[in-house]
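Report on the structure given below.
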Amino acid sequence: MKYSRFCFDRPEVRAIILTGYGNIASAVNAIKLGAVDYLAKPVDADDIAAALLARDNKKVQPPENPMTAARVRWEHIQRIYELCDRNISKTARRLKMHRRTLQRFLNKRAPK
């Protein structure tokens, strides 16, 4: 993932990275370039405000009840399903899943 150096070269700008597909490598890269924080979606406005308003040495506290891995997977599949206009075959191809497996997954309730 490439980031614009514009924000990172200006000390008066506090930049945070907000991403839907976070990974360790891109988080490390963003922080090295000068980002204040790296937040993975879903995130609420309070977390964004806290990251922007935090003092230089103080980090934002992690959420008390973070989403489980099963919930993150469910959210990702639902997002791709919506981007594919709720077309199961197209979604299955994009996720590299068998169509019937995806159908079974979509018929289940969201994990907590």
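FYI, it's all coordinate maths here, none of it is from the lab. Every value quoted in this text rests on a predicted model; they were computed, and no experiment measured them. Because the Cβ atoms are built from the backbone with ideal geometry, glycine has one as well, and the counts that use them run over all protein chains shown.
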**Prompt:** Within segment 95-112, what residues put their amide N at less than 17 Å from the label point 7 Å along the Cα-to-Cβ vector of residue 89?
**Reply:** 95-104
**Complete:** Sequence order, segment 35-42: Karplus ³J(HN,Hα) from phi using 6.51 cos²θ - 1.76 cosθ + 1.60, θ = phi - 60°, Hz rounded, Gly and Pro as x, gives 5, 6, 7, 9, 10, 9, 6, x
**Request:** Scan around residue 39 for amide H atoms under 5 Å from its own, H built in the peptide plane at 1.01 Å from N, and keep only partners 5 or more places away or cross-chain.
**Result:** 17, 18, 19
**Fill in**
For the table 32/112; 32/96; 32/90; 41/90, the rows whose alpha-carbon distance is greater than 30 Å are 32/112; 32/96; 32/90
